[in-house]
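In what follows, a structure is listed as structure tokens, so that the remarks can point back to it.
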Amino acid sequence: MNLLILLNYILIVFSSVLLTERILQSFVYSVVIICALYAFRFYEYIDDLRESIIRSIVGILSGSLFILLVCKLFKDSYCSWKLALLMVALAVVFPVVNYIFAKTLQKNRNTIKYLVVGNREELFTLLKEIEEKSKGRYRFVDYINPSPVVFKEKVKHFDNIIIAAPKLEGKIQEELEQIKQTHKIEYLPNLVEKVLKRIPLEVMQKFEEYYKVYFDNIEESPAKRVMDIFFSLIGLVVYSPVILISAIWIFLEDGKPILFKQQRVGKNEKIFEIVKLRSLRNTKIDVSNPNKDIDQRALKIGKFIRKTRIDESIQFWLILKGDMSLVGPRPEMVEYHEMMKPHIPYYTYRLLVKPGLTGWAQINYKHSSTLEEYKIKTEYDLYYVKNRSIFLDLRIILQTLERLVFKDGAR
């Protein structure tokens, strides 16, 4: 994917310079377009031609409108009809070229065959998911509860070894040292995070000592706080007119209160009050299932502000205050927190960082209502907490835009 992004970027820069003869603006414009394509997950759908064309059009249109706005603001003549026609052409050319490139790459790419050090019954479902997500790039052919003799015989027929049960590794430590020059030895946590982008709870349990090192050393980055303040100020300025109009509409449709306030669980299980624009009617709520009949309870304006997440825009104030962050695990209701905490291992690890307005689980998983769904959602949250960085935060912010356009906004 990185190679495709680079090739697309070079093509945009080259074409733009030819048309406009403006080198610096062409480089900046190309960065904006690539970021827009990335935000709308264009590169994740390159093997689906129809979907990638749609995302290409939306991404390039969004990026071009942003550049047009900047050009108008600074009275720059960079934008032209020629450039607009170029973008229309690239919106169709990119998906087709990338589709052909991806298919060619898949045909010529070798499948990596793994010998799994671990129990088949415990690992088959998880490893099958990795095979499917990698589109056949990885195959887990055989499982072994090893003895040195059996291991030496079997390892000859495989490309890589994956350690999926650390307790079994010690039995063949010497043999693993001997094959390091001929075989790549991988550990399940690295591969599962790379492919699935979450940390399955069963993997956490198997490699508890490995993960404990990471989760025992969680610190908030000062750069993240600076980013929170910067974007929350911009968010409050941009959304202020929308918040005012929505508040008036809510009052006219269903009276007071305008705001919905609720106790939520924040960093280190600290309780804080979350605020939203009220999107539901004033009716009695089933505490055991607050999402019950939620569509029937929604206000007319409520359906719109929930889908577009305007109802949560007032939370920029909570980010500015420091109760929340722009990106992080979503804060749960106290009742849900108390229900899930005893039943989901490592659930409190997601509370080692501030809750966010948007998060990794929100852009990668559906709205959760059952225990099993909450477990998977927690796995995505754990991945974020372990791998958090400014780059990952920016990626989540960009891809939240895609959620608003292509998926339901309220999660």
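Kindly check whether there is at least one residue in the stretch 37-54 that is in contact with a helix residue (DSSP H, G or I) (Cβ under 6 Å, 6 or more places away or on another chain), part of a loop (DSSP other than H, G, I, E, B) and of a type in the set (S, T, Y).
yes
Give the residues of the stretch 104-130 that are over 17 Å from E202 (Cβ atoms) and either under 22 Å from the mean Cα position of the chain (by Cα) or not aromatic (F, W, Y) (or both), sorted by residue number.
T104, L105, Q106, K107, N108, R109, N110, T111, I112, K113, L115
Filter the stretch 37-53 down to the residues that are among the aliphatic types (A, V, I, L, M) and either surrounded by fewer than 18 Cβ atoms within 10 Å (Cβ to Cβ) or assigned by TED's automatic domain parsing to the domain that holds L401 (or both) and list them by number.
L49 - this is the single residue of the stretch 37-53 that is among the aliphatic types (A, V, I, L, M) and either surrounded by fewer than 18 Cβ atoms within 10 Å (Cβ to Cβ) or assigned by TED's automatic domain parsing to the domain that holds L401 (or both).
Does E21 fit the bill of being of a type in the set (D, E, K, R) and either within 20 Å of R403 (Cα to Cα) or modelled with pLDDT of 90 or more (or both)?
Numbers: of a type in the set (D, E, K, R): yes; either within 20 Å of R403 (Cα to Cα) or modelled with pLDDT of 90 or more (or both): no.
No.
Across the stretch 143-169, what is the number of residues that are touching a strand residue (DSSP E or B) at 6+ places or on another chain (Cβ under 9 Å) and among the small types (G, A, S)?
2
For the stretch 226-279, enumerate the residues that are within 12 Å of D311 (Cα to Cα), touching a residue at least 24 places away in the same chain (Cβ under 8 Å) and among the aliphatic types (A, V, I, L, M).
Those that are within 12 Å of D311 (Cα to Cα), touching a residue at least 24 places away in the same chain (Cβ under 8 Å) and among the aliphatic types (A, V, I, L, M): V242, I243, A247, I250, L259, I274, V275, L277.
Tally time: how many residues in the stretch 96-141 are touching a Leu at 6+ places or on another chain (Cβ under 6 Å) and not assigned by TED's automatic domain parsing to the domain that holds L168?
2
Looking at this structure, is K107 modelled with pLDDT of 90 or more and surrounded by fewer than 18 Cβ atoms within 10 Å (Cβ to Cβ)?
So K107 does not fit the description; no.
Using the structure shown, decide if F140 is in contact with a strand residue (DSSP E or B) (Cβ under 9 Å, 6 or more places away or on another chain), crowded, with 18+ Cβ neighbours inside 10 Å and outside any helix (DSSP H, G or I). If you could, list the steps in order and put the result at the bottom.
Numbers: in contact with a strand residue (DSSP E or B) (Cβ under 9 Å, 6 or more places away or on another chain): yes; crowded, with 18+ Cβ neighbours inside 10 Å: yes; outside any helix (DSSP H, G or I): yes.
It is true that F140 is in contact with a strand residue (DSSP E or B) (Cβ under 9 Å, 6 or more places away or on another chain), crowded, with 18+ Cβ neighbours inside 10 Å and outside any helix (DSSP H, G or I).
Exactly one of (1) surrounded by fewer than 19 Cβ atoms within 10 Å (Cβ to Cβ); (2) closer than 24 Å to T348 by Cβ; (3) among the basic types (K, R) is unmet by K194. Its number?
With respect to (1) surrounded by fewer than 19 Cβ atoms within 10 Å (Cβ to Cβ); (2) closer than 24 Å to T348 by Cβ; (3) among the basic types (K, R), K194 is out only on (2).
Any residue at all in the stretch 292-304 that is at pLDDT 95 or above and not in a helix (DSSP H, G or I)?
Scanning the stretch 292-304, I find no residue that is at pLDDT 95 or above and not in a helix (DSSP H, G or I), so the answer is no.
Answer yes if at least one residue in the stretch 91-109 is in a strand (DSSP E or B) and touching a Lys or Arg at 6+ places or on another chain (Cβ under 7 Å), and no otherwise.
Of all residues in the stretch 91-109, those in a strand (DSSP E or B) come to none.
No: the stretch 91-109 contains no residue that is in a strand (DSSP E or B) and touching a Lys or Arg at 6+ places or on another chain (Cβ under 7 Å).
Please give the number of the condition P146 fails out of (1) at pLDDT 90 or above; (2) crowded, with 18+ Cβ neighbours inside 10 Å; (3) outside any strand (DSSP E or B).
So the condition that P146 fails would be (1).
Name the residues in the stretch 353-370 that are under 24 Å from D216 (Cβ atoms) and touching a helix residue (DSSP H, G or I) at 6+ places or on another chain (Cβ under 6 Å), would you? Even if it seems obvious, please write down each step before you answer.
Taking the stretch 353-370 as the starting set, the residues that turn out to be under 24 Å from D216 (Cβ atoms) are 353-356, 359-361.
V353, K354, W360, A361 - these are the residues of the stretch 353-370 that are under 24 Å from D216 (Cβ atoms) and touching a helix residue (DSSP H, G or I) at 6+ places or on another chain (Cβ under 6 Å).
Considering each of V58, V31 in turn, give the residue that is free of Cβ contacts under 8 Å to residues at least 60 places away in the same chain, out of contact with any Pro (no Cβ under 9 Å at 6 or more places or on another chain) and either in a helix (DSSP H, G or I) or surrounded by 14 or more Cβ atoms within 10 Å (Cβ to Cβ) (or both). If you could, list the steps in order and put the result at the bottom.
Values: V58 fails: free of Cβ contacts under 8 Å to residues at least 60 places away in the same chain.
Sole residue among the options that is free of Cβ contacts under 8 Å to residues at least 60 places away in the same chain, out of contact with any Pro (no Cβ under 9 Å at 6 or more places or on another chain) and either in a helix (DSSP H, G or I) or surrounded by 14 or more Cβ atoms within 10 Å (Cβ to Cβ) (or both): V31.
Tell me, which helices (runs of 4 or more DSSP H) lie completely within the stretch 339-411 with 1 or more residues that are β-branched (V, I, T) and more than 13 Å from I199 (Cβ to Cβ)?
Working: elements: 360-364, 371-387, 390-406.
Helices (runs of 4 or more DSSP H) meeting the threshold: 360-364, 390-406.
Please find, among K167, K171, K135, the residue that is among the charged types (D, E, K, R), at pLDDT below 90, surrounded by 14 or more Cβ atoms within 10 Å (Cβ to Cβ) and more than 13 Å from K113 (Cα to Cα).
K171
The values are calculated or read from the model by the stated rules, or taken from the named source; none is laboratory data. Just so we're clear, the structure is a prediction, and the values are computed from it rather than from any experiment. Cβ sites come from the backbone with ideal geometry, for glycine too, and all protein chains shown count toward neighbours.
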